[in-house]
Amino acid sequence: MYNKVIMVGNLTRDIELKYTGSGMAIAKSGIATNRRFKTQGGEQKEETCFIDITLFGRAAEIANQYLGKGSRVLIEGRLIYEQWTDQSGNKRSKHSIAVDNLQMLGSKEESSGFGQKSPGYEQQKPAPQPSEPEPSPQPKQNIPEIDIEDDEIPF
């Protein structure tokens, strides 16, 4: 069977980083995605989906360092069904995502969570050498336009 989830959204809370006894990093947070749609009556509606996410290893440490509540991310991972018994003895369950790949979206200032640039996050471009010829501009490609309204984009 195939189990893959791809989501774009904003973190609903700051990253909670913990380490296992063997030293592996585990980070937990949540992601929220929006879906806007029109009802059959033409009314605009919006629904929000909240789901917990778990990151492991180096990705967990990087997320803890650079991301915070409200950070926009793209995640790829697997859907997991968790079950447990709460303190009252009731059986509980939820779906969550075990993240395999994380991409930070938005500006560097937004991704750091505090508006500060973090060292090592920005890659510097080398200055062009005066002896190098200036590259010629690329011809404009024929890219078709998509007829979609801003309020139909889910994020």
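The values are calculated or read from the model by the stated rules, or taken from the named source; none is laboratory data. None of the values given here were measured: they were computed from a predicted structure. All Cβ positions, glycine included, derive from the backbone under ideal geometry; neighbour counts span all protein chains shown.
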Given (1) at pLDDT 90 or above; (2) under 28 Å from residue 3 (Cα atoms); (3) out of contact with any Gly (no Cβ under 9 Å at 6 or more places or on another chain), residue 87 misses just (2)
Just to be sure before I move on: is residue 30 free of Cβ contacts under 8 Å to residues at least 24 places away in the same chain and in contact with a strand residue (DSSP E or B) (Cβ under 6 Å, 6 or more places away or on another chain) in the structure I sent? yes
Can you list residue pairs whose Cβ atoms sit under 7 Å apart, with the first residue in region 42-68 being surrounded by 16 or more Cβ atoms within 10 Å (Cβ to Cβ) and the second being charged (D, E, K, R) and not in a strand (DSSP E or B)? Count only pairs 6 or more apart in sequence or on different chains. 68/14
Being touching a strand residue (DSSP E or B) at 6+ places or on another chain (Cβ under 9 Å), among the polar types (S, T, N, Q) and over 18 Å from residue 28 (Cβ atoms), is that true of even one residue in region 63-85? yes
Strands (runs of 3 or more DSSP E) completely within region 15-112 that count 3 or more residues being in contact with a helix residue (DSSP H, G or I) (Cβ under 6 Å, 6 or more places away or on another chain): 25-38
I want to confirm something. Restricting to region 1-14 and keeping residues that are in a loop (DSSP other than H, G, I, E, B) and not acidic (Asp, Glu), which single residue is nearest to residue 72 (Cα to Cα)? 12
Of residues in region 1-41 being of a type in the set (Lys, Arg) and surrounded by 15 or more Cβ atoms within 10 Å (Cβ to Cβ), the one nearest to the chain's Cα centre (by Cα): 28
